[in-house]
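Colleague: First, the structure itself, so that you have it in front of you.
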Amino acid sequence: MDKLTNMRAFTKVVAHGSFTEAAKEMRLSRSAVSKYVIDLEADLGVQLLNRTTQSVSPTDAGQSYFERCISILAEIEEAELALSHSHAAPRGLLRVNAPMSFGTMLLGHAVSDFMERYPELQTNLALSDEQLDTVQEGFDVTVRITESPPFNLIARKIAPVPRILCASPHYLDRAGMPKHPKYLRDHNCLSYGYLATGMQWKLTGADGEHTVQVPWTLCSNNGEILRDAAVDGRGIALLPTFIVSAQVRDGSLLRILSDYEVPEMSVYALYPPTRYIPVKLRVFIDFLVARFAGRPDHLLK
């Protein structure tokens, strides 16, 4: 049991990036939490944390061990929870944050069906494309589309999200069809403001990987705005297929550079490491996985 306590203390420190905040959550002194982590490092014979006067972050070995600890502790807590709540129906308030376009186009319908299945739950769904702090903002779970989920949250993959480059026939008639990624530099580009790569678009084809610093004419934190601008002939957009598939089907947008692939993103459910996963959170994430995972057609509608 001492080993489990040490592991719990370590995961809290990594999740919060702070011994002090971890101690507050565990209702222990900072020195006690520090001792648990030191004992764990001594037991393993490996340094798990980089410590400075300003911050705490996991070493490479610590990050790998953190992910394993989260999985182990979650299994233990899920077993305990299943035993104590085997007949309990989810109830109470579930607070969910999600991106605007995904929320309005796909998640809203899913939440409506979820409500029918679990009528004793209240669901508060807040849509925002801002990168919010799940813990600080008080959400039970944040749904995010990303290539790399944050290391300090538990991330459960819900489904892949393919992306394509597209533009209107009118724009391509005027500006020409780019035949190679390097020619994107000569075009008006419509860029999503919260991409981790900024204004750099990465494409991979038979001739290797290409990273292009695109000259943008519109930058927005909302994909539907970029899609509408592309339909109006304002430039080339790089967007998830669930946002543009209808326009590609009706011909108002054309896929370009289809011989090249862009890095695939995925929808993740993100939530903080906890002593146990509440039933309401577990059933919601399980519902989303059942709804979307392995079914990319859901993300193409």
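Colleague: Which pairs break 32 Å Cα to Cα here: LYS12/LYS157; LYS3/LYS202; LYS3/LYS280?
Modeller: LYS3/LYS202
Colleague: Given the rule -39500 (n - 2.57) for each run of at least 4 DSSP H residues, summed and divided by the residues of the chain, what is its mean residue ellipticity at 222 nm, to the nearest 500 deg cm²/dmol?
Modeller: -12000 deg cm²/dmol
Colleague: Please compute the length gained on full extension between VAL289 and LYS182, using 0.36 nm multiplied by the number of residues separating them and subtracting their Cα-Cα distance.
Modeller: 34.8 nm
Colleague: Oh, and also: Scan the chain and note any complete DSSP helix (H) whose C-alpha atoms cover at least 30 Å along its axis and whose Kyte-Doolittle average is -1.0 or more.
Modeller: 60-84
Colleague: Measuring from centroid to centroid over Cα atoms, what is the spacing of the stretch 183-255 and the stretch 4-49 in Å?
Modeller: Cα centres, the stretch 183-255 to the stretch 4-49: 44 Å.
Colleague: Could you give the Stokes-Einstein D for the stretch 131-275 in µm² per second, using the C-alpha Kirkwood radius, 37 °C, 0.692 mPa s?
Modeller: It diffuses with D of about 202 µm²/s by this estimate.
Colleague: Let me ask something else. Convert 20 °C to kelvin, take the viscosity as 1.002 mPa s, use the Kirkwood radius over C-alpha pairs of the stretch 1-115 as Rh, and evaluate the Stokes-Einstein diffusion coefficient in µm²/s, rounded to a whole number.
Modeller: For these conditions, the coefficient is 129 µm²/s.
Colleague: How much accessible area per residue does the chain have, in Å², with a 1.4 Å probe?
Modeller: In whole numbers, the chain has 51 Å² accessible per residue.
Colleague: Explain nothing, just the number: relative contact order of the chain, from Cα pairs under 8 Å at least 6 residues apart, as a whole percent.
Modeller: 22
Colleague: On to the next question. What is the magnitude of the charge dipole of the chain about its Cα centre, with +1 placed on the Cβ of each Lys and Arg, -1 on the Cβ of each Asp and Glu, and no other charges, expressed in debye to the nearest 20?
Modeller: With only Lys, Arg, Asp and Glu charged at Cβ, the dipole is about 180 debye.
Colleague: Take peptides 95-105, 143-153 and line them up by average Cβ neighbours within 10 Å, highest first, as a rough protection proxy.
Modeller: Averaged packing, sorted descending, gives the order 95-105, 143-153.
Colleague: Next question, about the same structure. Among ALA230, ALA206, ALA246, which one shows the highest mean-square fluctuation when the chain is modelled as a Gaussian network with alpha-carbon springs under 10 Å?
Modeller: So, out of ALA230, ALA206, ALA246, the one fluctuating most is ALA206.
Colleague: Something else now. Expressed as a whole number of Å, what is the distance separating the alpha-carbon centroids of the stretch 98-134 and the stretch 163-181?
Modeller: Each part reduced to its Cα centre gives a spacing of 34 Å.
Colleague: Quick one: pull the percent of accessible area on the chain belonging to carbon and sulfur, 1.4 Å probe, ligands and nucleic acids left out.
Modeller: 50
Colleague: Among [x] 40; [y] 15; [z] 25, find the value of percent of Cα pairs over 32 Å apart that was calculated from the structure presented, and write down its label.
Modeller: Here percent of Cα pairs over 32 Å apart agrees with entry [x].
The values are calculated or read from the model by the stated rules, or taken from the named source; none is laboratory data. Here the structure is a predicted model, which means the values were calculated and not measured. Glycine gets a Cβ as well: all are built from the backbone with ideal geometry, and neighbour counts include every protein chain shown. Just the protein is used for accessible areas: all its heavy atoms, side chains included, with ligands, DNA and RNA removed. Shrake-Rupley method; radii C 1.70, N 1.55, O 1.52, S 1.80 Å.
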